[in-house]
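Values in this text are rule-based calculations from the coordinates and carry no lab data. Predicted model only: the values in this text are computed from it and were never measured. So basically every Cβ, Gly included, is an ideal-geometry build from the backbone, and we count neighbours across all protein chains shown.
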Amino acid sequence: MHVGRTPERGDEDLFLEAMAVLRRNDMGDWTKAAPELYPHQWSWDSGLISVGLAHLDPLRAAQEIRTLFRSQWRNGKVPHIVFNPLAPPESYFPGAEHWTSAGDFPDAPTAPPYTSALCQPPVHATGALRVWEISCERGEERKIEATERFLREIYPGLLAWHRYLLTDRDPQGTGLVTIYHPWESGTDNSPRWDGALRAVEVGEMPGFRRQDLAHVDDPSERPTDADYVRYLWLVEVIKAYRCDERKLRRSHPFRVKDVLASAILVRANMDLARISSIVGAPESDRETISGWISLGRRGLESCWDEEYGLCLDRDVVSGEPLRARTFAGFSPLISGGLSEERKARLLETLDSKHFLGDERLARPLPPSTSPSEALFHPRSYWRGPVWPVVSWLLWRALLDLGEPSRARKLLEESLDGVRTGGFAEYFEPFTGEPLGSMDQSWTAAFVLDWLN
Ligand code: 9WN
């Protein structure tokens, strides 16, 4: 149980329901992100689902990450989707056939399961360390040893993954990760990307049929067709380049420095540093990782925007900051190592009318996009709704920054949202209405973590 949390009536039922959601989505050694809408293994979902699973069985939790890393590319990239070979082709678009039809990506795994050519925020070292920590808290000797063996086994893959992000995805050496597709951010249709996407010229490409709209009540909950045209065009370009990193970094039409992925990477490097001590890695690794942490924090500092009191993504193509008030602006809270002044200013922004201080909110939980943004939409995916993954990331950050009462508030409000609305993918910020997919795996995983 988290320090200071008194169990509430109904906690036990909620725990059992969360466990049941994860059991239903369990595919043996990996978990579907959602029952219908997302029938494959998603990278950052699985990295965080492992934290919830660890409260049920640390060995199964370790397996979640191990399975994902079996599909790691030769250059260190951890793919954003590992496609389930048994899922019918029409269950998700774009599926394996779409990604692999252009033929080989030289660094991709050569045998099934096939993967997409993108990646997602690097939460995996954080997940792996929590699996081991939770196993230690549970105190079962055999499982502690097994999760320590898991850390030893996964460590080289984690190191290669972070190295890929800090070399191929940061040829400029800024400490900031470049992404090539909004899907790589995990916050697909966020207004963060509108400016950079507008500049992408879409060429000739085959027609396509979306599958996602069949799984939600109302199309306004998902990205628009115009968004999808751009998403699919960027996939075409990546396929035409055969995912050659040198070509992508020179001429891909969508190249942006993602502050959230960069901050998550700093956090993951802090956790990787701990893992490296646990597994007795060479001192030189620890020096490298510590250099990555400082570089990442400096990079984030260079994205600070005094007017918004937030950190802003940057368009590599135009060289301009991407001005949008979204939760990603709080990234320095996640990467830590902040001055008291910077931390105070970020918390002030969090409390302001642009975020938690908006009186229309059903609960004081951070909306994905500020309701004061012109492009805010309360039902549209990453353009406004409250996402449990956002609340979980901020909750952990606040705990680490020594803000237990703020963290606790976020936790209680989040649990309350799920108690009322269920294990939804996201929630309407003004009414709390559950939106997107129901029985979303990581929502259940966060509930297990919050309740423990
Ligand atoms: C595209 C699985 C994923 C999450 C992302 C979320 C959504 C996919 C989609 O679902 O993205 O990757 O089809 O909309 O934006 O964060 O990992 O839950």
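General remarks:
- A viscosity of 1.306 mPa s and a temperature of 10 °C, combined with the Kirkwood radius over C-alpha pairs in the Stokes-Einstein formula, give the stretch 128-183 a diffusion coefficient of 119 µm²/s.
- Under 5 Å from the amide H of residue 119 lie the amide H atoms of 80, each residue being 5 or more positions distant or on a separate chain, with H modelled from the backbone and absent for Pro and chain starts.
- Relative intensity, log₁₀ I(q)/I(0), of the stretch 11-451 from a Debye sum that treats every alpha carbon as a point, q = 0.11, 0.12 Å⁻¹: -0.81, -0.99
- Of the residues 124, 252, the one with the fewest other Cβ atoms within 10 Å heads the list, and the complete ranking is 252, 124.
- Relative protection proxy for 357-368, 273-284, from highest mean packing down: 357-368, 273-284 (other beta-carbon atoms within 10 angstrom).
- When Rg and the Kirkwood radius Rh are both evaluated on Cα atoms of the stretch 315-403, their ratio Rg/Rh stands at 0.97.
- Least to most buried among 15, 327 (fewest other Cβ within 10 Å first): 15, 327
- Considering every alpha-carbon pair of the stretch 107-221, the percent of pairs per 5 Å bin, from zero through the bin containing the longest distance, is 2, 8, 11, 14, 17, 14, 12, 11, 6, 3, 1, 0.
- In summary, the helical segments of the chain meeting the span-like criteria, namely a full DSSP H run, a Cα extent along the axis of 30 angstrom or more and a mean Kyte-Doolittle hydropathy of at least -1.0, are 141-167.
- Above-threshold pairs, the threshold being 31 Å between Cα atoms, out of 32/343; 32/247; 257/353; 32/353; 32/143: 32/343; 32/247; 32/353
- Dividing the summed helix terms, -39500 (n - 2.57) for each DSSP H run of n ≥ 4, by the number of residues in the chain produces a 222 nm estimate of -15000 deg cm²/dmol to the nearest 500.
- The fraction of Cα-Cα pairs per 10 angstrom bin, counted from 0 for the stretch 17-91, comes to 19, 54, 24, 2 percent, rounded to whole percents.
- Within straight-line reach of residue 239, meaning a Cα separation under 20 Å, sit the following aspartates and glutamates at least 8 residues removed in sequence or on another chain: 97, 104, 107, 168, 184, 188, 201, 204, 227.
- Rounded to two decimals, the Cα radius of gyration of the stretch 205-268 over 2.2 N^0.38 Å is 1.44.
- Gain upon complete extension [residue 351, residue 279; 0.36 nm per residue less C-alpha separation]: 21.9 nm
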